[in-house]
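Working notes, beginning with the structure itself.
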Amino acid sequence: MNFPGNGQCRLCTAAAGSYCPVVSTLPSGTMCPADSYCPGGASLIQACQENSNSPTSSNEESDCLCKAGWTRALTGPNSGTCTKCVSGTFKIAPGNGPCTQCETGKTSAAGSDFSTCYSQCPPGTYGPNGECDACLEGTYKSLISAVPCSVCPDNTLSRRQSNALIECKCDAGYSGPDGGPCTACIPGDYKKMPGAAECSACDAGKYSSIVAANFCASCAADENSVPGSTQCTKIPVKTVEPVVAAKDNNDEAVDVGMI
């Protein structure tokens, strides 16, 4: 780059850490701004990569250091770029070094730029930053972590603050192992309570006509059913016939009533 001097243009010879602007009156160039680097003798400023910074007068790309909470990837598709510290690690100062692992049982948010790692929520609880609440009914968490509680499988339910899949019990009307899968009781069967018990056939005089019944209905007074029935049937009505009248020795009819 040429610069004007005494009506003549002279070559700008910017030293490393400086650059030659388009118009300059300084033969040695201008100081390279922060967050960039200038090899010297060039008119263009080389910007640091995203999420990295450099001081003024930097002259090499290696002067661009990853921000606190970020580290320089050495391998993989992002090799050479600044990537965020993963959850459970931190980095409190700029630099290209690795992130520091939190102590056992503690974690941090991704990109943490401070050294305060917080306790992870124990099994059966969840929440960010070590502020833990109990898992709700129908959910569970078996790990020490900051992840949310998992939802129980279909047709199961767990108590509050459950810490294992097997605490998800089959609903009433469904049968299966703790943790699922659970199968609905067929018509004629029922299951009254949650748990791993098998479905049972309705007793005589009762019935269930739906899938996943949790009780058996009673038949009406004039109805009945056999065990495992899906409906009741009418009780047959007995007919009473009169008995033929007997005669005494005088051939007179004697009324013996009805049997």
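The values are calculated or read from the model by the stated rules, or taken from the named source; none is laboratory data. Bear in mind that the values here come from a model prediction, so they are computed numbers and not experimental data. Note that we place each Cβ from the backbone using ideal geometry, even for glycine, and neighbour counts take in every protein chain shown.
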Here the residues within the range 118-136 that are within 13 Å of the chain's Cα centre (by Cα), part of a loop (DSSP other than H, G, I, E, B) and free of Cβ contacts under 8 Å to residues at least 24 places away in the same chain are GLY127
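Of the residues that make up the range 193-214, is at least one assigned to a strand (DSSP E or B), of a type outside the set (Gly, Ala, Ser) and either in contact with a helix residue (DSSP H, G or I) (Cβ under 9 Å, 6 or more places away or on another chain) or under 19 Å from PRO153 (Cα atoms) (or both)? Break it down into steps so the answer makes sense when it comes.
Start the filter on the range 193-214 by keeping residues that are assigned to a strand (DSSP E or B), which leaves 200-201, 206-207.
Right, trim to of a type outside the set (Gly, Ala, Ser) and you get 206-207.
Those still in the list that are either in contact with a helix residue (DSSP H, G or I) (Cβ under 9 Å, 6 or more places away or on another chain) or under 19 Å from PRO153 (Cα atoms) (or both) too: none.
Scanning the range 193-214, I find no residue that is assigned to a strand (DSSP E or B), of a type outside the set (Gly, Ala, Ser) and either in contact with a helix residue (DSSP H, G or I) (Cβ under 9 Å, 6 or more places away or on another chain) or under 19 Å from PRO153 (Cα atoms) (or both), so the answer is no.
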Which of the residues spanning the range 137-182 are surrounded by 15 or more Cβ atoms within 10 Å (Cβ to Cβ), part of a strand (DSSP E or B) and at pLDDT 95 or above?
THR139, TYR140, SER150, THR156, LEU157, LYS169, CYS170, TYR174, SER175
Tally time: how many residues in the range 30-77 are among the hydrophobic types (A, V, I, L, M, F, W, C), in a loop (DSSP other than H, G, I, E, B) and over 36 Å from the mean Cα position of the chain (by Cα)?
8
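When the range 115-136 is examined, which residues are found to be at pLDDT 85 or above and closer than 28 Å to GLY95 by Cα? It would help to see each step written out before you state the result.
First pass over the range 115-136, keeping only residues at pLDDT 85 or above: 117, 121-127, 132-136.
Listed by number, the list holds a single entry, CYS117.
So which residues in the range 172-198 are among the charged types (D, E, K, R) and either over 22 Å from LEU136 (Cα atoms) or assigned by TED's automatic domain parsing to the domain that holds GLY124 (or both)? Talk me through it step by step, then tell me what you get.
Taking the range 172-198 and keeping what is among the charged types (D, E, K, R), we get 178, 189, 191-192, 198.
Passing the criteria: ASP189, LYS191, LYS192, GLU198.
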